[in-house]
Every structure is written in structure tokens, then in C-alpha cells.
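Visitor: Here it is, the structure in full.
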């Protein structure tokens, strides 16, 4: 369409554009106050008044029509805009325009543009403040009831925690539940602070007026979950003043969560490690780096002398950069001569790597999240992104609120499940049966893509024969999911034009987790919804910030960088050509095997980098026994974690805000990580620590910079050959595979062929097998573990921030019927016992869990949650069965 603005003709796409869009397209300045492009327009402030068709209208809420003529600069309309703003400002106290000459707030900038002097603000004030929340403070006197914060909370975050209360000039924002902000449903994303135009909502420590100027702004990638949000870090006097979401972030688009946005206080915690520690006489004592590294080097030499290179192992870090993970696995293979290196994907998404590789050929998700978000039907399985991946959860919810159908398969009624068209609540451990039941309906009701199955898939005959044993009635008996709900879900997914599957650890962390991934992949293959324009495949949500990248870089016992197998001579030759030394041809130890070998006495040195295995690994009592038995345990850490307390040497290392390199997020995007601060004291990056230890051992690992390490990895692994720091700095996020510097990377995989040897997608006829534990008279409840929104993993970072005020204890969620049977009430202390250990938690009574099931997180190591979980693990990958543990409850007096 064509619109004329002050005599200038502009062209607009006919897609719901407003007159404000037309004015902006013409390059004409028009102030706004209640408007934010990320939300629906409100038209309440009347600052964007224009004349169109002879009528004065608010440009933000008036649709543009072909042929419209808009007048912006006429004197009478400009006067109306000014009067509207004067009316708003006159009700505010003088403090509202403090620092107006600096344009500190959006209100001050608009006042300056319209010539409104500070003395216009002459309201009385006195409506009070709410400073109860650690991250969001409210000054009611500065609120103009524009509603931006309310719309941000509803439309972008999807929490619906805010509302406007009062009447007329007394209208003000307030928590929707009443009471204080800290007691509300606010999840502390910070969106309300970022959008507030007046300073009514602020972040403590970042005053809006009279603040010292920000010295440095650093664009980096969040180091918490695997979403990969782009952030801008503002520093002043060597400290972080604020962390803001990057409006141009490819995935977060100006949004963030409580962790990325606010949980940076750990950086300057007095408990932060700043000097190496060495155990002497049973105590860890500060020493120099030289002494610490010399002790480690002697211990490694002693271990190799006693048991050969395979007596040494390393657990690399999903929190470390790609370049650090690359260097760590290179150190183990080049300096030590062993494939004994693994990372925490073993404990979460190893079944994803195995299952997706078997089904499609590569270990990553099949599609970009930008495409997944376009789906007309979302199947979200075993994931609670609203808490574990809040930015993704918010974007998925936005899609659902705009009309996409939603199926959630999860034992708990949380997050997106509250908005689902169908919520399937299978018994923990019955995923494979559930997925086969859905596939049975797809086949019997001919909701499959026969052409795709004929030309691009294999294994249909075997799967069809298997699915004959999984009619809805049998699946209902196994899973507890009613037949009607199962069939309804299958029809929604089967009839969608562009369905997508998103899943999490509720699929992988099972005795048969790899089978679960493959059975889930069957659904996308049957629908022809992967590698085509008919859907958006199968996509795992990664937990830690760089768990994808750690595996990509070869920090695995059986795979080299780029997923070349160590048993493949061609893959070894590629590595040997780059490294100049032979590569061991036998797979190394997985993490559980490392602990077993330590207890048996064959593993004599273990390097644990950035993982608190005593808190996060299953059967934690046995993990501690393994560390006690190992002659040399080295730990790289930020804090003296449960694992570090058992180490012989603790090396203080940098956090993600102090590092240079790259991360890979859950949809395979490489993104830059840049240091906003220097590490404190004598702390070093893991990259520097590995190089330093190699030097003491007399080994030159090359690639002296992180940029050089990524470049070397690209020479070894063709799927990363087109990536470099320089290119990422220039172009932003780039997905792998990316084999050529001129290639944009493959956001959507398998358009031409699958990466399997025969080029086909492979259906799996894996039978349902029961979980490792089932409830009985002694242990009648099933425990599921997972994450909560305020904390991250073992909590080592978030527990050293204001997040501890938002979520101060580990809670056990249980159904009211189970609570009544055990005589428990909200807030009661409770002991949870399994066949493996016991934990002390606080009861939280809720119908989010089903009767017979309980849920808790593992963010507080002192609670001992992972002493409960067993050593039962996925039969293919050794991923622990965190999601099914038989337990009983003991109320505390």
C-alpha cells in the first residue's frame, strides 16, 4: 500500500501496518510514550497524534490504508501532542524529570523533544514505593498508567503477573495477586523495567538520574541455559552495573530471564575462589599457580607410570567455551594419550545425540527455533521451558496465544501445560509406549506422508508390525493417559500442516532414553515433518549454556571434534594430520565408568572442570566415594563446591562474563562470548589453565588464542570449517553445519538427504520396556527431578545472587492427597528416602504433580537430592535415570 506523510509517499506491506509505521517509514519524527514495538499498541498517551482523513487520531492504533494522507507537522496537531504530554507530566512530582537535561528516561527525552520544561511536573506524590523485590523496585509516584509493563508481562513474557489498579489519576501498576511485588507471580525477567518510560520501575543499583556514566558496554552470550540469549553487559569501575537483553539478539529479541538479566552478583561474592588451593594435611591451603600446577603434573606422571595413559580422565565443562572444550579434549588426547574425556551431556542429552544420529544422521536438533516458532501445532514433550528455558517458553506461549495448537506431554501440570489443547500426563518411564500409541493412531487413521515414507525413510514395515501391539487401549493401561486424550493429541499433530516437536530431559533421562528419542522421532518421520516444508522436525532443549558445544568440540570418549568416531581410521587421520601425534583408537571411559574405575583403583587421576559432580550426578554418595578413592582429583571452579571440597587441587577460574570465545546454543548456533571484566585475583580462564598445565608437562598445544583454537577445530572438523571469530563478529550467530566461509550455515537440516549412510531417515521399532524402578509398598512414590525458574543447575552461581531471596530452599512438590496421607502441610520439613540415600526438603502441596508422584530440583547441594537417585542409566549412552526413583516420605517432628 502507499501512504502520503507530510507530502512524502511511502510504500508499506499490507500486513496490518499502522500510521505510526508509515510515519517512521517516511523518516518523520513522531514521539510516543505508551508504545513499544514488541507489544500491541494501546493509544493511551495521545502523544503520537496525527491528522488523517480530516480526523485527529493516535498513529500507533490507527491502521494504515492504501491512499491515506497523514499530517504530522501541522501546528494545531503539534499543539495537541504537547498539551497531552503536559497533562501527563503535570500530575507527576518534580522528581519525575530529575536529570531531564540528560534525557535519562524516555519521558525526559520526549519532554525535551516537545519543549516541556521540568517545572511542568508539579504533582504532590506520596503514593509510596515497593522495594520488596531484589531486582524490581516500584515508585508509584512516577507511574503514568501507560500499561507498557502490563502488556510486556502478558504479551512477551506470558506471566500475566501485573495489572493496573485504582481509578483516574490514581491508577497505578500493581502485582495482580495483590500484596508486595516480592510475593507476586513475577518471574523477574526484567521486561517491565526495560519498557517503563518514566523510571517508575527500576533496577536497584542502576539509578535513572545522577548515575555515574557507564564506562563499557560489552555484547556477549548468556552463560546460563542453552537458549543462547544475546546480552549487553554494562560495566562501571570494574563491576557490572547492569546486564540488559540485546534488542537485536537473534533468539531473545530484547527479552531475558531472571538469571541472564539479574543473576550476576556471584562475580564479586566474597566466597569466590581467587587463588589455587592445594590439599596438605587434609586441608586445602592457598598456593601459587606454579606450585599447584607442579603438583598436578607430578600426579599425572605418577598415574601414567602406574596405570598408563588410561589411568587419567577428564570431565570437561558444558559451562566452558567451545575453544576451552576443544583444548581440553586435545590435551587429553595429545598430552596424555587417552580418550578418557567426557562432558555433562552424558547426564542429560547423550540419548539425544545417539537417537537423533540414528534417526537422521546428526546429533543436533533438526530446525532453527525461528522456524519451530512458526509451527501450527507444537508437541512439547518432557520439558518445562517456562521455567528451565524462560525465553523459549515465552516465545512458544506467544505462538500459542496467537492460535497455534499445543500438545504437552509431561507428568506435571506446569508452564505451557496450563495453555495446552491436550495435556498428556504419562506415568514416568512410559514415554516409549506413549509415543508408539500416538504413532499407532497416525498409521491407522492415515495421518502419514506416504510419499515421504516411500522415498526418504526406511523401516516402515518393521515399525508397522510393532505398532500393532500398541493400540490406544493398551497404551492407556501402560501410561495412564486416557484413550480419548491420546487419540485427540495424535489427530492434532497428524492433521497439522506444519507441526514441530520440542522436547527436554523428560525424554532422555530414563533407562531407555535413547529409545524414547527414537520413538519420538518416528512421529516426525511418519508425518514427513523433517527436512521438508511440511513441518519443523524434532528439537531438543539443551540445559547448560554450552552442552551442545562441548560435544561438538569432541569432549566425548568415543567421538572427536565434529563427531568423527575414534574407531574410524579416516577420522583419526584427520585429527592426527592437524595435531601431529597418533590418536588412541579405543573409546575412553564415560563419566559413570570413570567413577567406577576410581573406586576400583584403576583410575588414578581425574580432572573435573566446572562441574559439581557430587551435587549433580546420580547416586551422589558413590560419586563421593570415587573421589575419595582417586589419588589425584583436580577441580576447576568458581566456588568451593561439594566436588571442590574433595579435590586435591582446586584451580580458580573465570566465569562466562570474563571469557573470550564462543558457545553453541540448543539450535546449533555459534555465538560470540566476550569478556566484560577481568577474572578476580589470580583466577584464570580454563583456556589459560589448560595451556599452563600442558607447558609444565612439556607439551605445546598450539592455538594460543581462542580464535586460533576455533580455526584449528575447523581444519579438523569440516562441519565447522566456515566458522571463525572474525566472521561471527561481523555477521552474528551462525548455525552448523557450515563448511565454507561463504556459506550461511544450515539452520534447517536434511532438505536434500539425511546424513545417514544411505541418506534416509530411519524409523525405529524399539519395544516399550519398563523403567528401572517402580513403586512398591516400601517405596510407594515416584520421584522426578528437574529445574526451577530462579536457579541453575547446582546453584553455585545463582545461590550467590539475589535469586536466593526468590527461591531460598529446595522444595518437594506433592499432591494434596499424598500430603494428607503423610500428614504434611505447606512449608513442613520432610525427609525423602530411596534405596540409595535420603534428602531433607520442604513440602510444597500442589496439584501440579499427580497422585503418587513427587517432584524436586537439585539446586541446593546441602539437601542431598542426588543421593536419592540411582545408578540405573540409559542402556545405550549411560545417561542416568533421573526421572524415575522410588521413594518414601518421613515427616520431621
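Visitor: Within the stretch 82-89, can one find any residue that is at negative phi and in contact with a strand residue (DSSP E or B) (Cβ under 8 Å, 6 or more places away or on another chain)?
Guide: Within the stretch 82-89 (the criterion being at negative phi and in contact with a strand residue (DSSP E or B) (Cβ under 8 Å, 6 or more places away or on another chain)), the answer is yes, since at least one residue qualifies.
Visitor: I've got another one for you. Could you tell me which of the residues 162, 80, 85, 92 is over 28 Å from residue 391 (Cα atoms), touching a helix residue (DSSP H, G or I) at 6+ places or on another chain (Cβ under 6 Å) and at pLDDT 90 or above? If you could, list the steps in order and put the result at the bottom.
Guide: On the way: 162 fails: over 28 Å from residue 391 (Cα atoms); 80 fails: touching a helix residue (DSSP H, G or I) at 6+ places or on another chain (Cβ under 6 Å); 92 fails: touching a helix residue (DSSP H, G or I) at 6+ places or on another chain (Cβ under 6 Å).
Among 162, 80, 85, 92, only 85 is over 28 Å from residue 391 (Cα atoms), touching a helix residue (DSSP H, G or I) at 6+ places or on another chain (Cβ under 6 Å) and at pLDDT 90 or above.
Visitor: Right, next: Taking residue 273, is it modelled with pLDDT of 95 or more and assigned to a loop (DSSP other than H, G, I, E, B)?
Guide: In short, yes.
Visitor: Of all the residues that make up the stretch 571-590, how many are farther than 11 Å from residue 716 by Cα and more than 33 Å from the chain's Cα centre (by Cα)?
Guide: 7
Visitor: Here is a further query. Go over the candidates 696, 650 one by one and state the one that is more than 26 Å from residue 572 (Cα to Cα), more than 27 Å from the chain's Cα centre (by Cα) and crowded, with 24+ Cβ neighbours inside 10 Å.
Guide: Answer to the selection: 650.
Visitor: Return yes or no: is residue 237 over 24 Å from the mean Cα position of the chain (by Cα) and either in the same structural domain as residue 294 (by TED's automatic domain parsing) or modelled with pLDDT under 95 (or both)?
Guide: So residue 237 passes the test.
Visitor: In the list 795, 772, 802, which residue meets the criterion of being under 32 Å from the mean Cα position of the chain (by Cα), on the phi > 0 side of the Ramachandran plot and touching a residue at least 12 places away in the same chain (Cβ under 8 Å)?
Guide: On inspection, the qualifying residue turns out to be 795.
Visitor: Residues that are within 30 Å of residue 667 (Cβ to Cβ), in contact with a strand residue (DSSP E or B) (Cβ under 7 Å, 6 or more places away or on another chain) and buried (at least 17 other Cβ atoms within 10 Å of the Cβ): does the stretch 267-290 have at least one?
Guide: yes
Visitor: In the stretch 1-52, which strands (runs of 3 or more DSSP E) lie fully inside it and hold 1 or more residues that are closer than 19 Å to residue 75 by Cα and out of contact with any strand residue (DSSP E or B) (no Cβ under 8 Å at 6 or more places or on another chain)?
Guide: Counting at least 1 such residues, we get 8-11.
Visitor: Here is a further query. Residues that are out of contact with any strand residue (DSSP E or B) (no Cβ under 8 Å at 6 or more places or on another chain), modelled with pLDDT of 90 or more, assigned to a strand (DSSP E or B) and surrounded by fewer than 22 Cβ atoms within 10 Å (Cβ to Cβ): does the stretch 55-72 have at least one?
Guide: Scanning the stretch 55-72, I find at least one residue that is out of contact with any strand residue (DSSP E or B) (no Cβ under 8 Å at 6 or more places or on another chain), modelled with pLDDT of 90 or more, assigned to a strand (DSSP E or B) and surrounded by fewer than 22 Cβ atoms within 10 Å (Cβ to Cβ), so the answer is yes.
Visitor: Would you mind finding the one in 433, 394, 375, 383 that is assigned to a helix (DSSP H, G or I) and under 30 Å from residue 221 (Cα atoms)?
Guide: Checking each option against the conditions leaves just 394.
Visitor: Could you tell me which of the residues 357, 366 is touching a residue at least 24 places away in the same chain (Cβ under 8 Å) and either in the same structural domain as residue 510 (by TED's automatic domain parsing) or not in a helix (DSSP H, G or I) (or both)?
Guide: 366
Visitor: Restricting attention to the stretch 393-406, and to residues there that are out of contact with any strand residue (DSSP E or B) (no Cβ under 8 Å at 6 or more places or on another chain) and under 13 Å from residue 156 (Cβ atoms), which single residue is surrounded by the most Cβ atoms within 10 Å (Cβ to Cβ)?
Guide: Looking at the filtered set, the residue picked out is 393.
Visitor: Would you confirm, using the coordinates I've provided, whether residue 606 is closer than 21 Å to residue 273 by Cβ, touching a residue at least 40 places away in the same chain (Cβ under 8 Å), surrounded by 23 or more Cβ atoms within 10 Å (Cβ to Cβ) and touching a helix residue (DSSP H, G or I) at 6+ places or on another chain (Cβ under 8 Å)?
Guide: Yes, satisfied.
Visitor: Within 28 Å of the chain's Cα centre (by Cα) and outside the structural domain of residue 228 (by TED's automatic domain parsing), is that true of residue 502? Steps first, please.
Guide: Numbers: within 28 Å of the chain's Cα centre (by Cα): yes; outside the structural domain of residue 228 (by TED's automatic domain parsing): yes.
Criteria met by residue 502.
Visitor: Still on this model: Of all residues in the stretch 393-437, how many are over 20 Å from residue 496 (Cβ atoms) and touching a residue at least 40 places away in the same chain (Cβ under 8 Å)?
Guide: 15
Visitor: Could you say whether any residue in the stretch 569-584 is touching a strand residue (DSSP E or B) at 6+ places or on another chain (Cβ under 9 Å) and under 27 Å from residue 881 (Cβ atoms)?
Guide: No.
Visitor: Where residues in the stretch 408-430 are surrounded by fewer than 24 Cβ atoms within 10 Å (Cβ to Cβ) and in a helix (DSSP H, G or I), which of them is nearest to the chain's Cα centre (by Cα)?
Guide: If we take residues in the stretch 408-430 being surrounded by fewer than 24 Cβ atoms within 10 Å (Cβ to Cβ) and in a helix (DSSP H, G or I), then 416 is nearest to the chain's Cα centre (by Cα).
Visitor: Tally the residues that are in contact with a helix residue (DSSP H, G or I) (Cβ under 7 Å, 6 or more places away or on another chain) and within 24 Å of residue 853 (Cβ to Cβ), restricting the search to the stretch 793-824.
Guide: Result for the stretch 793-824: 3.
Visitor: Right, next: Considering each of 735, 780 in turn, give the residue that is out of contact with any helix residue (DSSP H, G or I) (no Cβ under 7 Å at 6 or more places or on another chain), at pLDDT 95 or above, crowded, with 17+ Cβ neighbours inside 10 Å and farther than 18 Å from residue 355 by Cα.
Guide: 735
Visitor: Which ones in the stretch 95-126 are part of a loop (DSSP other than H, G, I, E, B), modelled with pLDDT of 85 or more and on the phi < 0 side of the Ramachandran plot?
Guide: Filtering the stretch 95-126 for residues part of a loop (DSSP other than H, G, I, E, B) gives 98-99, 103-105, 115-117, 121-126.
Those still in the list that are modelled with pLDDT of 85 or more too: 105, 115-117, 121-122.
The answer is 105, 116, 117, 121, 122.
Visitor: Another one. Just to check your reading of the model, which residue among 173, 193, 233 is within 17 Å of residue 148 (Cβ to Cβ), in a strand (DSSP E or B) and touching a residue at least 24 places away in the same chain (Cβ under 8 Å)?
Guide: Just one listed residue meets the conditions, 173.
Visitor: Read through the list (1) assigned to a loop (DSSP other than H, G, I, E, B); (2) touching a helix residue (DSSP H, G or I) at 6+ places or on another chain (Cβ under 6 Å), then give the number of the only condition that residue 889 fails.
Guide: Failed condition: (1).
The values are calculated or read from the model by the stated rules, or taken from the named source; none is laboratory data. Everything quoted here is computed from the prediction, not taken from an experiment. All Cβ positions, even for glycine, are placed from backbone atoms using ideal geometry, and neighbour counts span all protein chains on display.
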